[in-house]
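Read through the structure below, which is laid out as structure tokens, and then see the notes.
The values are calculated or read from the model by the stated rules, or taken from the named source; none is laboratory data. These numbers were taken from a predicted model, which means no experiment stands behind them. FYI the Cβ positions are ideal-geometry reconstructions off the backbone, even for glycines, and counts take in every protein chain you see.
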Amino acid sequence: MGCNSSGTKTPGTADSTQAGTSVKTPDSAAFATTIDGKKVHLFTLKNKDGAVAAITNFGGRIVSLLVKDNKDRLVDVVLGHDSLKSYQKKEESFFGALIGRYGNRIAKGKFTLDGKAYQLEVNDGVNTLHGGVNGFYKKVWDAKQTDDHTLELSYFSKDGEAGYPGNLTVKVIYTLEDDNSLKIAYEASTDKSTVINLTNHAYFNLNGAGDATITDHTLSLEADEYTPVDTTLIPTGKLAKVAGTPFDFTKAKLIGADIGANDPQLKNGKGFDHNWVLRKGTGLRKAATASSSKTGIVMEVLTEEPGIQFYSGNFLTDKVNDGKGGATYGYRSAFCLETQHFPDSPNQPSFPTTVLKPGTAYHSVTVYKFTVKK
């Protein structure tokens with residue numbers, strides 16, 4: 001079912017040509033190992049259009065995502081590594097990872113719930129980021145590939161893991177649809193009140209992973225407001241209008257158009273690294289559209305979440321020199337569009353709640369849909 005520990009080419013593994021180089025999914029043998037008694041694999045999803053997604057159950061990471069460009073060639077639009085070993089480095093960039101229990105930041109790693117104070121693992125200066133040192137991105141998930149299109153991952157997070165309360169049962173289903181959509185469906189339940197904010201941290205470059213920049217991409221966001229942050233990237237609690245600021249992506253514009261503007265919020269984030277407040281709506285709705293004029297690839301992001309974090313790769317450096325095919329992933333060579341509830345919501349009563357109680361179900365769907373502009 002696309003998982004192969006022998007190193008032979010798995011069904012659905014793709015080869016194509018982009019700028020004279022071979023584009024393919026990584027060798028599954030480089031991911032076949034055992035961690036803490038659990039087997040790690042690389043799984044391959046494919047669709048009838050030839051798109052291919054390679055996902056490992058180590059951190060639920062999207063390792064590669066091959067979609068067609070305006071010349072009918074496959075382009076890998078997601079940054080990642082060719083081997084599991086590179087994902088296990090001490091320096092964590094969260095490439096392609098499932099993020100939990102709480103995506104984004106919690107101030108000083110502290111919150112109070114039902115009158116009880118909790119201290120989480122601190123891993124981003126004084127704050128907790130993406131679940132802490134012991135987040136879901138480091139876990140080996142139980143995996144079941146039901147068909148060529150679908151991978152089901154599950155994980156049981158024990159009460160107290162990384163400081164979070166409650167035994168949490170999580171299931172995430174990746175589906176590569178025939179319309180070239182990668183659908184991510186998140187489900188969770190708990191036996192004690194807890195906080196939860198699941199997302200995926202894929203880094204995209206629609207010119208192709210390893211291309212030098214994303215400032216030439218066009219982006220629009222379905223948001224009239226964003227949440228300003230302090231110097232440690234914790235929201236102030238206020239909602240600010242994007243109109244008249246570099247944060248206005250209500251009409252499509254180049255990512256690089258205003259990224260160098262003299263704006264205190266851009267200085268705080270070293271570029272864009274903020275949560276946009278999506279226009280209110282029900283169910284799955286469009287949150288963002290990004291496109292590359294080089295490849296003609298257009299990516300729409302649809303979500304049920306109230307916010308989206310747009311991150312312009314400001315902390316990537318040329319130290320990331322072990323990308324797929326030996327690529328170096330440098331400064332602003334990728335962007336993230338992380339669907340989410342707002343950062344630090346457990347400490348911000350005016351933000352949409354992230355509390356999950358026993359007897360209720362957490363459910364959220366995000367879709368990354370790819371089309372081509374000829």
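From the list Leu278, Leu266, which one is without any contact (Cβ under 8 Å) to a residue 24 or more places away in the chain and out of contact with any Ser or Thr (no Cβ under 7 Å at 6 or more places or on another chain)?
Of the residues listed, the single one that is without any contact (Cβ under 8 Å) to a residue 24 or more places away in the chain and out of contact with any Ser or Thr (no Cβ under 7 Å at 6 or more places or on another chain) is Leu266.
If the Cβ limit is 9 Å and pairs must be 6+ apart or interchain, which residue in region 288-310 that is free of Cβ contacts under 8 Å to residues at least 40 places away in the same chain and more than 15 Å from Asp224 (Cα to Cα) pairs with which residue that is part of a strand (DSSP E or B) and of a type in the set (Phe, Trp, Tyr)?
Close Cβ pairs satisfying both conditions: none exist.
Kindly state which strands (runs of 3 or more DSSP E) lie completely within region 57-172 and contain at least 3 residues that are buried (at least 21 other Cβ atoms within 10 Å of the Cβ) and without any contact (Cβ under 8 Å) to a residue 60 or more places away in the chain.
none
Would you pick out the residues in region 288-322 that are of a type in the set (Gly, Ala, Ser), part of a loop (DSSP other than H, G, I, E, B) and buried (at least 23 other Cβ atoms within 10 Å of the Cβ)?
Matches in region 288-322: Ser292, Ser312, Gly313.
Would you mind stating whether Ile214 is β-branched (Val, Ile, Thr), part of a loop (DSSP other than H, G, I, E, B) and either closer than 29 Å to Ser157 by Cα or in contact with a Phe, Trp or Tyr (Cβ under 8 Å, 6 or more places away or on another chain) (or both)?
When the stated conditions are applied, Ile214 passes them.
Residue pairs, Cβ under 9 Å, 6 or more apart or interchain, first in region 24-46 and under 12 Å from Lys139 (Cα atoms), second modelled with pLDDT under 95. List them.
Partner pairs satisfying both residue conditions: Ile35/Gln88; Lys39/Ser5.
Do we have Lys46 as closer than 14 Å to Leu176 by Cβ and among the basic types (Lys, Arg) here?
So Lys46 passes the test.
Residues that are under 30 Å from Gly244 (Cβ atoms), among the hydrophobic types (A, V, I, L, M, F, W, C) and touching a residue at least 12 places away in the same chain (Cβ under 8 Å): does region 198-211 have at least one?
Checked region 198-211: at least one residue is under 30 Å from Gly244 (Cβ atoms), among the hydrophobic types (A, V, I, L, M, F, W, C) and touching a residue at least 12 places away in the same chain (Cβ under 8 Å).
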